[in-house]
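This report concerns only the one structure given below.
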Amino acid sequence: MSRSSLRLELLALPKAVPELRAVLRERYGGEGCPDLQLCVSELLTNVIAHVGEGTPVTLHVTDTADGRTRVEVSDPDPRVWPVLREATGACESGRGLALLEAVSTRWGVGQGPGGKTVWCELPSPRPAGACP
């Protein structure tokens, strides 16, 4: 079932994370919503932590031709690229990309003229009712 794409321009602020989760839950319902919410939350949190709170970002969620859901978060800093780290049990951070890698089929980073885009693709949507 094809869904329309979602494109939002916002500031990377801590309060935006739960607000985006609510938007995704309302828009996509049970169709893979928990993993979608997790990926968007982690990507936005990475911008806040590593590029800076208040950074303008663009969130784009689309369907791919092969039935996956693609999530892209773009920011204006081409220099700060995400790095997959191995967090130990005592670490309070460093698990975001590991979570992204665990729930997505693939992820990556692309550089453009005005910044970078971190993206991931999620498996085909789940049946309705999977998102509380």
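The values are calculated or read from the model by the stated rules, or taken from the named source; none is laboratory data. Here the structure is a predicted model, which is why all the values come from computation and not from measurement. Here the Cβ positions follow ideal geometry from the backbone for every residue, glycine too, while neighbour counts run over all protein chains shown. Side chains are part of the model used for accessible areas, which takes the heavy atoms of the whole protein and leaves out ligands, DNA and RNA. Shrake-Rupley method; radii C 1.70, N 1.55, O 1.52, S 1.80 Å.
Observations on the model:
- Matching residues in segment 95-123 - criterion: being assigned to a helix (DSSP H, G or I) and of a type in the set (A, V, I, L, M): Leu97, Ala98, Leu99, Leu100, Ala102, Val103
- Residue in segment 27-40 that is open to solvent by less than 30 Å² (accessible area, probe 1.4 Å), over 12 Å from Leu122 (Cβ atoms), at pLDDT below 95 and in contact with a strand residue (DSSP E or B) (Cβ under 9 Å, 6 or more places away or on another chain) present: no
- Annotation for segment 59-75: no member residue is over 14 Å from the mean Cα position of the chain (by Cα) and closer than 16 Å to Gln111 by Cβ.
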